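To start, the structure under review is shown below, and the notes come after it.
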Number of protein chains: 2
Amino acid sequence: MEYDYDYIRSATSREAISQSGDYTMWRYRPFLPVEQDTALPPLAVGWTPLYSVPRLGEALGLSHLWIKDDGQNPTASLKDRASALAVAKAAEAGYDTVACSSTGNAASSLAGSAAAAGLKSYIFVPERAPMGKLTQLLIFGATVISVQGNYEQTFALSRDAIEKYGWYNRNAAINPYLMEGKKTVALEIAEQLGWQAPDYVALSVGDGCTIAGVWKGFRDLYAAGFISKLPRLISVQAEKTCPINRAVETGRPWEPMEENTLADSIAVGVPRNPDKAIAAIRESDGLTVEVSDQEILDAMALVGRTCGVFAEPAGAAGTAGLIKLCKMGKIPKDAAVVSIVTGNGLKDTANGMKAAEEPIRLPPDITLLEKALP
Amino acid sequence: MEYDYDYIRSATSREAISQSGDYTMWRYRPFLPVEQDTALPPLAVGWTPLYSVPRLGEALGLSHLWIKDDGQNPTASLKDRASALAVAKAAEAGYDTVACSSTGNAASSLAGSAAAAGLKSYIFVPERAPMGKLTQLLIFGATVISVQGNYEQTFALSRDAIEKYGWYNRNAAINPYLMEGKKTVALEIAEQLGWQAPDYVALSVGDGCTIAGVWKGFRDLYAAGFISKLPRLISVQAEKTCPINRAVETGRPWEPMEENTLADSIAVGVPRNPDKAIAAIRESDGLTVEVSDQEILDAMALVGRTCGVFAEPAGAAGTAGLIKLCKMGKIPKDAAVVSIVTGNGLKDTANGMKAAEEPIRLPPDITLLEKALP
């Protein structure tokens, strides 16, 4: 989606945005494809914190490291950005019902944004969706169809049903607006760094829509003259489910892989948006890296302990990949690096427990405590 | 804690705060007991959304209803406000270790704030703490002592250990600063309403520290001349665990009760801060109301469906009480009412599932879907 960047420059400025007083993603409205009179959905999505994290940086050997905590969105994931834009566009077009299929976060964010805006929602999830995400959907009053199949089959069923019933379609790669919503995370990172891009941005990749959105955000800012350089993307996938990275690494067309990682949000063997993701990684002169489930769990624990941020597995995978690249000496020590935490660990406490140490369990007795303390 | 309100008036103003550009609770620093040079803890606590919720209002017969969603804090509860202040004070005083006992949220918030600030934490929880909260603690790298006993016994063990080991004490009712942190939710509500208090503020009550903090916040603003009236508090407790409400209702001293509600955050039979809570309710000409577990679950579902906000049981209990008072005709239809959601439902998905409908489960087949849709 190309904008008239001369128009954007005349309609707004870095100063005007910074002083807008709107502490949601809608502070970037001139960069977003909504009409002047579009009613914005109610949830306060975006403007999540960008934390300088010196202790994590020290562990990685980086002197300028930030965590962008998108788990602090209303339904606790980055996907809220896309769903907010989808709900705005659905209401603009007069729909009263929205639908999507999702590994979890797109679904719960759409259900939440729809509930807040008074729209009905139909959500298709693969049966392996973690309890936290499923509970969110049901609490938000969505009609939830739990499909006894994998993500690809879930997606196909949702596509057929949306066509049949005429619902508004929020499926990634089908709906062109989602990437525009997701790009706001890049706009925020740049603004929070004083209107400049970092040298590297690390994030996990599943369908490919988020990394394509991040790239679009930086490119939009660059085209408007709001930043003077572009970052290099670090695309992190699971080692057994990495069709996008493999395509970048081999230079050959992407091929389906099986869904094999505990990080459910990136367990995508057949990505819906591979071309834009592959193009974004290449254009940015990006890096690819694959991580094991254990490396993801280790990153969850490290990020929690050093930053006070609890990431879901896919949310920590970006940092896991960054750790691996640092160990390989691929990232300069003084580079400015942002790692995006895409979702909150409360969505998947079962895997959180795998990442964490056990508590000390004892009766209320101080002498027993004394013996038990390390 | 009394301030020099003339000094506050000379040091800041409503306009200065509103234009501060600080979108955390620290925008109210002149109202907070920290030194000029105190280093503030890193997590972005506070400035949570105040949502106008017309569909929930309609269900309750109220024309001016807001939800303050404090589940959107970094560790997903209002307790982050108290823990941020505790960590600031601990660091100010040169401690490197903090400790507390808690039914869950105070603990996870302290562990998160401490991890972000580079402090060690020792946390005492009763063994019934929900999985979400326990996982947070462990991920944040706290040393967790899971006590095989109730909250009262857990509290006693933590008190003895803190005395023995000389850790910084973040226990409610012991630490005078916690209430000062919690009061920032009231400061935000008033500012977000255009510097006025609503007619009523509803919230759930356990230890009593939060409702006392809310009252302190409004009183501070009133004393400084920033608001021109005070709200009436609505104190909501569980019907079988309501020692504070019972004392207010009977006019007699409070008496211990058993811990008997699924809302773990307010399952407090022996409150640590009853006197300040009782005084706050009385001074505000407040209302008390008790709710059943089923009423709490129903409120969780209603708030989710109409507002897109997922509250933990204690987080929805305030709204459950408000619903009950509205049904009894105790709240004028045109009153301005704020209901505080004190914590995110992702912390306790087991109870979330009890509140929600079941999903439709089926294989990926559109003809089966057609038959299954309502």
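The values are calculated or read from the model by the stated rules, or taken from the named source; none is laboratory data. In this text the structure is predicted, and so the values were computed from the model without any measurement. FYI the Cβ positions are ideal-geometry reconstructions off the backbone, even for glycines, and counts take in every protein chain you see. Heads up: the accessible areas ignore ligands, DNA and RNA and are worked out on the full protein's heavy atoms, side chains in. Shrake-Rupley method; radii C 1.70, N 1.55, O 1.52, S 1.80 Å.
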(message) If you filter segment B:1-53 for chymotrypsin sites (Phe, Trp or Tyr not before Pro), then keep DSSP loop positions with at most 15 other Cβ within 10 Å, what is left?
(response) B:3, B:23
(message) Probe radius 1.4 Å, ligands and nucleic acids left out: can you give me the accessible area buried at the A-B interface, summed over both chains, in Å² to the nearest hundred?
(response) 5700
(request) Report Rg (one decimal) and Dmax (nearest whole number) for segment A:128-254, counting Cα atoms only, units Å. (result) 17.6, 49
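Give me a single rounded figure for A:18-25: the average over its residues of other chain Cβ atoms within 10 Å of their Cβ.
Across A:18-25, the average partner-chain Cβ count within 10 Å equals 1.
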(message) List the residues, sorted by chain then number, that are 5 or more residues from residue A:124 or on another chain and whose placed amide H is less than 5 Å from its amide H.
(response) A:100, A:101, A:102, A:145
(request) Select from A:82, A:129, A:20 the residue farthest towards the positive end of the dipole of segment A:1-148; place +1 on Cβ of Lys and Arg, -1 on Cβ of Asp and Glu, and compute about the Cα centre. (result) A:129
(message) Could you derive backbone 3J(HN,Hα) for segment B:348-358 from the dihedral phi with the Karplus parameters 6.51, -1.76 and 1.60 (θ = phi - 60°), listing whole Hz in sequence and x where the residue is Gly or Pro?
(response) 8, 5, 4, 6, x, 5, 5, 7, 9, 6, 7
(request) Would you kindly compute the Cα radius of gyration of segment B:46-111 and its largest Cα-Cα separation (Dmax), both in Å? (result) 16.4, 52
(request) Work out from phi, with θ = phi - 60° and the Karplus expression 6.51 cos²θ - 1.76 cosθ + 1.60, the ³J(HN,Hα) of each residue of segment A:237-244, listed in order in whole Hz, and give x for Gly and Pro. (result) 10, 6, 5, 9, 9, 9, x, 6
(message) Less than 18 Å apart at the alpha-carbon level, and either on another chain or at least 8 residues along: which lysines does that give for residue A:68?
(response) A:79, A:182, A:183, A:216, A:347
(request) For segment B:66-144, evaluate the Debye formula with one uniform point scatterer on each Cα (no solvent term) and list log10 I(q)/I(0) at q = 0.17, 0.18, 0.25 Å⁻¹, rounded to two decimals. (result) -0.57, -0.64, -1.14
(message) Just to be sure I follow: if Rg is taken over the C-alpha atoms of chain B and Rh is the Kirkwood radius over the same atoms, what is Rg/Rh?
(response) 0.98
(request) One decimal, nm, shortest first: give the distances between the label point of residue A:174 and those of the same position in the other copies, each label point 7 Å from Cα along Cα→Cβ. (result) 5.6
(request) Could you pull the Rg and Dmax for segment B:158-197, using just the Cα atoms, both in Å? (result) 15.6, 48
(request) Would you mind counting up the charge near residue B:122? Only other residues with Cβ under 14 Å from its Cβ, with Lys and Arg at +1 and Asp and Glu at -1. (result) -1
(request) In whole Hz, with x marking every Gly and Pro, tabulate ³J(HN,Hα) for segment B:277-294 from phi via Karplus 6.51 cos²θ - 1.76 cosθ + 1.60, θ = phi - 60°. (result) 5, 4, 5, 5, 4, 5, 4, 7, 6, x, 10, 10, 7, 10, 10, 8, 4, 5
(request) From the P(r) of segment B:257-351, can you give the percent of Cα pairs sitting at distances over 16 Å? (result) 60
(request) Work out the length of the dipole vector of the protein assembly as shown about its Cα centre, built from +1 on the beta-carbon of each Lys and Arg and -1 on the beta-carbon of each Asp and Glu, and round it to the nearest 20 debye. (result) 220
(request) Highest first, please rank the peptides A:318-325, A:289-296, A:264-271 by the mean number of other Cβ atoms sitting within 10 Å of their residues. (result) A:318-325, A:264-271, A:289-296
(request) State the answer as a single residue: which of A:8, A:261, B:209 lies farthest towards the positive end of the charge dipole of the protein assembly as shown, with beta carbon charges of +1 for Lys and Arg and -1 for Asp and Glu, about the Cα centre. (result) A:8
(request) Report the Stokes-Einstein translational diffusion coefficient (µm² s⁻¹, integer) for segment A:318-372, Rh taken as the Kirkwood radius over Cα pairs, at 4 °C with viscosity 1.567 mPa s. (result) 85
(message) Could you identify the residue of A sitting closest to the A-B rotation axis by Cβ and state that distance rounded to whole angstrom?
(response) A:346, 2
(request) Would you grab the residues whose amide H sits under 5 Å from the one on residue A:202? Only those 5+ places off in sequence or on another chain, please, with H modelled 1.01 Å from N. (result) A:234, A:338, A:339, A:340
(request) Report the full-extension gain for the segment residue A:282 to residue A:6: residue separation times 0.36 nm, less the Cα-Cα distance, to one decimal in nm. (result) 96.7 nm
(message) Cross-link candidates for residue A:330: which aspartates and glutamates have Cα within less than 12 Å, leaving aside residues fewer than 8 places away along the same chain?
(response) none
(message) Can you tell me what share of the DSSP beta bridges in the protein assembly as shown is antiparallel? A percent to the nearest 5 is fine.
(response) 15
(request) List the residues whose amide H sits under 5 Å from the amide H of residue A:291, counting only those 5 or more places along or on another chain, with H placed 1.01 Å from N in the peptide plane. (result) A:237, A:238, A:239
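Looking at segment A:1-86, I'd like the Rg to Rh ratio, where Rg is from alpha-carbon atoms and Rh is Kirkwood's inverse mean 1/r.
Over the Cα atoms of segment A:1-86, Rg/Rh equals 1.06.
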(request) Take peptide B:67-77, look around each residue's Cβ out to 10 angstrom, count Cβ atoms belonging to other protein chains, and average those counts. (result) 3
(message) Strictly greater than 48 Å: what percent of every Cα pair in the protein assembly as shown meets that?
(response) 13
(request) Send over the semi-axes of segment A:67-209's equivalent ellipsoid, whole angstrom and largest first, taken as the square roots of 5 times the C-alpha gyration tensor eigenvalues. (result) 26, 17, 14
(request) Using DSSP, restrict attention to beta bridges with both residues in segment A:55-159 and report what percent are antiparallel, rounded to the nearest 5. (result) 0
(message) What percent of all Cα-Cα pairs in segment A:1-148 falls into each 5 Å bin, going from 0 up to the bin containing the maximum distance?
(response) 2, 9, 16, 17, 16, 14, 12, 8, 5, 2, 0
(message) Please compute, for peptide B:43-55, the average count of beta-carbon atoms on other protein chains lying within 10 Å of each residue's beta-carbon.
(response) 3
(message) Between segment A:113-178 and segment B:304-372, what is the separation of their alpha carbon centroids in Å?
(response) 19
(request) Measure out, as a whole number of angstrom, how far apart the alpha-carbon centroids of segment A:210-227 and segment A:1-67 sit. (result) 11
(request) Among the GluC sites (Glu not before Pro) in segment B:129-237, which ones are in a DSSP loop with at most 13 other Cβ atoms within 10 Å of the Cβ? Mind listing them? (result) none
